[in-house]
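Contents: one structure, followed by commentary.
The values are calculated or read from the model by the stated rules, or taken from the named source; none is laboratory data. Predicted model, so just to flag it, every value in this text is computed and none were measured. Every residue, glycine as well, gets a Cβ built from its backbone with ideal geometry; the counts of neighbours run over all protein chains shown. The protein model used for the area step is the full one, side chains on, heavy atoms only, and it has no ligands, DNA or RNA in it. Shrake-Rupley method; radii C 1.70, N 1.55, O 1.52, S 1.80 Å.
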Amino acid sequence: MLALKGNQGTLRDDVEEVFTEQNANKFSDCKPSCHETLEKSHGRIETRTVTVVGDVDWLTERHAWEGLASIAMVESCREIGAKTECESRFYITSLSADAERLSSAIRGHRGVEKGLHWVMDMVFRVMPEARFQNDECRIRKDNAPANFTTVKHMASNLLRQTPGTDSLRVKRKVAVWNDDYIAEIIAPR
């Protein structure tokens, strides 16, 4: 499953156009799979509707995505008091056109992604007054940002594998202060 963003050329636009046209035709040209969830928590009500279309042969030909099986649209409407915010997100996937299954996969993916970003922001922030390392990072040239992110992910994975009950942030600080500890993290005995 891949979330479509604006930086993928015409792919996102093509998928959005399919859903816009099919919505206008009440999906008379294809048979979508739909799943809706309603969640009430933290003083807000969120309705999520996942619509999946499995007829993607034309898209595979046009964009050369091998293994593509379906496309999905997630419409989220969040009500907080009298204010309502709605957004649509689009996905391509190698999974079959099963909206309930994709809904669960999308929710899980977003949770993992948010958790990973939070860990990276909190564990690897530069200084206490800098809110987020990635936001404050000055590495911007060529491949350096991607390389630095890869190194941070490797460090995070090594810290996770290190035994002990200390937090990742504490383990990272101890590794900076103690050469024996960092050697144990890199090459455990």
Quiz prompt | Ranking by accessible area, most exposed first, for Tyr181, Tyr91 with a 1.4 Å probe | solution = Tyr181, Tyr91
Quiz prompt | Cys34 accessible area, 1.4 Å probe, all protein chains in place, Å² to nearest 10 | solution = 80
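Is the shape of region 1-76 best called rounded, prolate or oblate, per the rule: a/c under 1.5 gives rounded, else a/b larger than b/c gives prolate, else oblate, with a ≥ b ≥ c the square roots of the Cα gyration tensor eigenvalues?
prolate
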Quiz item: How high is the FRET efficiency between Glu17 and Val151 when r is their beta carbon distance and R₀ equals 45 Å, given to the nearest 0.05?
Solution: 0.70
Exercise. Percent of Cα-Cα pairs per 5 Å bin, from 0 to the last occupied bin, for the chain, please list those.
Key: 1, 6, 12, 13, 13, 12, 12, 11, 9, 6, 3, 1, 0, 0
Quiz item: So, counting K/R as plus one and D/E as minus one, what does the shell of residues with Cβ under 12 Å around Arg12 add up to?
Solution: -2
Quiz item: Helix 99-123 versus the longest principal axis of the chain: what is the Cα-based angle in degrees, 0 to 90, to the nearest 10?
Solution: 30
Quiz item: Assigning unit charges at the beta carbon (Lys, Arg +1; Asp, Glu -1) and nothing else, what dipole magnitude in debye, to the nearest 20, does the chain show about its Cα centre?
Solution: 960
Quiz item: Counting only protein chains, not ligands or nucleic acids, how are Ser94, Ser33 ordered by accessible area (probe 1.4 Å), most first?
Solution: Ser94, Ser33
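Using Cα pairs under 8 angstrom and six or more residues apart, how large is the relative contact order of the chain, in percent?
15
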Quiz item: Lysine pairs in the chain 8 or more apart or on different chains: how many have alpha carbons under 19 angstrom apart?
Solution: 6
Quiz item: With axes computed from alpha carbons, what is the tilt in degrees of helix 168-177 against the longest principal axis of the chain, rounded to the nearest 10 within 0 to 90?
Solution: 30
Practice problem: Run the 1.4 Å probe and let me know the accessible area of Asp142, rounded to the nearest 10 Å². | Solution: 130
Quiz item: Please report, for the Cα atoms of region 10-52, the Rg to one decimal and the Dmax as a whole number; what are they, in angstrom?
Solution: 13.7, 40
Quiz item: For the Cα atoms of the chain, what angle does the longest principal axis make with the long axis of helix 11-24, in degrees from 0 to 90, nearest 10?
Solution: 40
